[in-house]
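Enquirer: My questions all concern the structure below.
The values are calculated or read from the model by the stated rules, or taken from the named source; none is laboratory data. What you are looking at is a predicted structure, and each value in this text was computed from that prediction instead of being measured. Positions of Cβ are backbone-derived with ideal geometry, glycine not excepted, and every protein chain shown enters the neighbour counts. Side chains are part of the model used for accessible areas, which takes the heavy atoms of the whole protein and leaves out ligands, DNA and RNA. Shrake-Rupley method; radii C 1.70, N 1.55, O 1.52, S 1.80 Å.
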Amino acid sequence: MQQGTTRDGFSSKFGVLVAAAGSAVGLGNLWRFPYMVGENGGSAFIIIYILLMVVLCMPVMVAEFMVGRRAKRDVMGAFDVLAPRTPWKGIGVLGLTAALVILGFYCVVGGWTLAYMSNSVVPSFLSQTETYANSFQNLIAAPVQPLLWCFLFILLTALVVIGGVKNGIERYSKILMPVLFVMVMVLAVRALTLDTEMKGLKFLFQPDFSKVNGNTFLAALGQAFFSMSIGMGAMITYGSYIPKNSNLVKTSYGVMSTDLLFSLLAGLAVIPAVFAFGISPSEGPGLVFVTFPEIFSKLPLGNILSLIFFVLLGIAALTSSISLFEVLVAYLVDARRLSRRKAVGLVTCIVCVLGTLASLSMGTLKHLTIFGKNFFDCCDSLSANILLPLGGLFICLFVGWYMKPADVRDELTNGGTIRVPLFNAILFILRYATPIAILMIFASGMGWI
Ligand code: PHE
């Protein structure tokens, strides 16, 4: 077990914020959020999503950071340290499972991003005769090509993770995140000027609550957890690398606001364009891959803009998959005492197998379904709609009811050296509000109430 000063960690408060925000901001914001908004009816979904995120999910992030920093261990080990010989360790099992399930489909989408990145360099990419929806379909259903891109994405992730926390994760995130922000801004501004009839803006800002049901809440909750990287121990693992003098509540606010900002910007970049080009907002997982080439094709320097966008998407995906990898690697290093290299190797092999299944489920293995869904969709909805909220529920119960409030306060105030004005509100939310809301949303999403 690596403890105290020997444990690798983030070197500065800014580094912590950037790395955690790098984990949060990813395909969840730029790929998943726009199609969720499209499928779930636009602005009503967005409002519910924002409320859930600010009120119920932010405290879960605080709780995860706190558990991680107090225990200084991986997601399994943290509960061994804070609650030895108790079933709370189950949260760790749930977290490791969620990390694998998410990586299973995440690396496939990461691979599509790399494919589009390289396609952008081909001059004829934007002047092809077939529709963008068709060429996307052809790419993802092919047996070999998407698989190779998926493996490349996994390899890139593994290389950064081998570098460790300070030299790998923090160094890359610090440079990549701000660049990413500027790029999405540029795209959003460009897309808004295309939506001359403002149909996209109406879809985004004129709420229609008549279509809201239990499923809308479940989808918004799942999206909030997924997007903030909470409910599966990524933030526990990153929390274990946070220095003692960081303000955990402020850091969580920072990460949440950055994440929210990226999602809204992504919505502003995608949805107006969807309407401007007559694409169906409920196109599903292909939405971003169909919409953007369409915009780029009608813009000067389209290929270059397209290259920029897919580089951006690739970077965002990478800083998130790094954190998913890190959950598994930290466990293998801390609890199984593997060397960092061996741990990364093992995780890489397992993720390659899962990625292969998810990638092939878009074409060759399309007919292999579980509960009517292919492997890719199963991983997506199992993680966001079940595993993450369930993990979040138990983390809330652990911090709210099992840990002593004095210990929680001690960790959040850095041993009494800083003030945490909303401490009681955070504790209340962790004890009552979030658990009850998660249970109710589960029940109504499943059609039980
Ligand atoms: N938040 C990441 C994204 O939006 C995905 C993720 C989920 C990463 C859970 C880590 C843990 O792309």
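Enquirer: Any chance you could tell me what percent of the C-alpha pair distances in the range 187-306 go past 20 Å? Intermediate results must be reported in sequence, preceding the final value.
Expert: On the way: 4046 of 7140 pairs.
Tail fraction, whole percent: 57.
Enquirer: Here's something else I'd like to know. Given R₀ = 30 Å, what would the calculated FRET efficiency be for Val144 paired with Leu299, taking r from the Cβ atoms and rounding to 0.05?
Expert: 0.40
Enquirer: A further question on this structure: Going down the table (Lys13/Lys404; Lys72/Lys404; Lys174/Lys250), which pairs top 24 Å between alpha carbons?
Expert: Table pairs above 24 Å Cα-Cα are Lys13/Lys404.
Enquirer: Just how much of Arg171 is accessible, in Å², when a 1.4 Å probe is used and the result is rounded to the nearest 10?
Expert: That residue has around 130 Å² of solvent-accessible surface.
Enquirer: Summarise the accessible area of the chain (1.4 Å probe, protein heavy atoms) by the percent that is carbon and sulfur.
Expert: Of all accessible area on the chain, carbon and sulfur atoms account for 67 percent.
Enquirer: Could you tell me how many cubic angstrom of Cα convex hull volume the range 13-445 has per residue?
Expert: Convex hull volume per residue, Cα atoms: 132 Å³.
Enquirer: Still on this structure, I have one more. From Cα pairs below 8 angstrom and at least 6 apart in sequence, can you work out the relative contact order of the range 254-327, rounded to a whole percent?
Expert: 17 percent
Enquirer: Comparing Ala425, Ala115, Ala384, which has the greatest mean-square fluctuation in the GNM of the chain with Cα pairs linked when under 10 Å apart?
Expert: Between Ala425, Ala115, Ala384, it is Ala425 that shows the largest mean-square fluctuation.
Enquirer: Moving on to the next point. Which order do Thr129, Thr157 take by accessible area at a 1.4 Å probe, largest first?
Expert: If we order Thr129, Thr157 from most to least accessible, we get Thr129, Thr157.
Enquirer: Specify the residue with the greatest mean-square fluctuation among Met61, Met235, Met117, computed from a Gaussian network of the chain linking alpha-carbon atoms under 10 Å apart.
Expert: With Cα springs under 10 Å in the chain, the top fluctuation among Met61, Met235, Met117 is at Met117.
Enquirer: What are the lysines whose alpha-carbon lies under 28 Å from the alpha-carbon of Lys211, with same-chain residues fewer than 8 places away excluded?
Expert: Lys199, Lys202, Lys373
Enquirer: At R0 = 22 Å, how high is the FRET efficiency between Ile350 and Leu159 if r is their beta carbon distance? Nearest 0.05 is fine.
Expert: For R0 = 22 Å, the calculated efficiency reads 0.85.
Enquirer: Apply 1/(1 + (r/R0)^6) to the Cβ-Cβ distance of Ser280 and Arg85, taking R0 = 45 Å, and write down the FRET efficiency to the nearest 0.05. Working shown, then result.
Expert: On the way: r = 53 Å, r/R0 = 1.19.
Approximately 0.25, to the nearest 0.05.
Enquirer: Per DSSP helix of 4 or more residues, -39500 (n - 2.57); summed, then divided by the residues of the chain. What does that give at 222 nm, rounded to the nearest 500? Intermediate results must be reported in sequence, preceding the final value.
Expert: On the way: 21 runs with 298 residues, N = 449.
It comes out at -21500 deg cm²/dmol, rounded to the nearest 500.
Enquirer: Okay, moving on. Quick one: what do you get for the range 347-444 if you divide its Cα Rg by 2.2 N^0.38 Å?
Expert: Against the empirical 2.2 N^0.38 Å value, I get 1.58 for the range 347-444.
Enquirer: Please list Ser135, Ser257 from largest to smallest accessible area, probe radius 1.4 Å, with all protein chains kept in place.
Expert: Greatest to least solvent exposure: Ser257, Ser135.
Enquirer: Let me ask something else about it. Can you pull a Stokes-Einstein diffusion coefficient for the range 45-160 at 10 °C (1.306 mPa s), Rh from Kirkwood over Cα pairs, as a whole number of µm²/s?
Expert: 89 µm²/s
Enquirer: Picking from Leu357, Val186, Leu430, whose Cα lies most toward the positive end of the charge dipole for the range 13-445 (charges on Cβ: Lys, Arg +1; Asp, Glu -1)?
Expert: Leu430
Enquirer: Also, quick follow-up: Which of the peptides 204-215, 268-279 is most tightly packed, and how do the rest follow, judged by the mean count of other Cβ atoms within 10 Å per residue?
Expert: The densest-packed peptide leads the list: 268-279, 204-215.
Enquirer: Can you tell me the dipole magnitude for the range 125-283 around its Cα centre, using point charges on the Cβ only (Lys, Arg +1; Asp, Glu -1), in Debye to the nearest 20?
Expert: 560 debye
Enquirer: Ok, one more. Take Asp407 and Met185, extend 7 Å from each Cα along the Cα→Cβ direction, and tell me the distance between the two endpoints in nm.
Expert: That separation, rounded to one decimal, is 4.4 nm.
Enquirer: Only Cα pairs under 8 Å and at least 6 apart count here; give the relative contact order of the chain as a rounded whole percent.
Expert: 35 percent
Enquirer: About its Cα centre, how strong a charge dipole does the range 201-322 have in debye, to the nearest 20, once Lys and Arg get +1 and Asp and Glu get -1 at the Cβ?
Expert: With only Lys, Arg, Asp and Glu charged at Cβ, the dipole is about 240 debye.
Enquirer: Something else now. Given Cβ point charges of +1 (Lys, Arg) and -1 (Asp, Glu) and nothing else, what value in debye, to the nearest 20, does the dipole of the chain about its Cα centre take? Don't skip to the end; give the middle numbers.
Expert: Numbers: 30 positive and 20 negative charges, 265 e Å.
Dipole about the Cα centre, nearest 20: 1280 debye.
Enquirer: Moving on to the next point. Counting heavy atoms of the protein chains only and a 1.4 Å probe, report the per residue accessible area for the chain as a whole number of Å².
Expert: Ligands and nucleic acids excluded, the result is 39 Å² per residue.
Enquirer: Show Arg32, Arg341, Arg70, Arg336 ordered by accessible area, largest first, where the area counts protein heavy atoms only and the probe is 1.4 Å.
Expert: Sorted by accessible area, descending: Arg341, Arg336, Arg70, Arg32.
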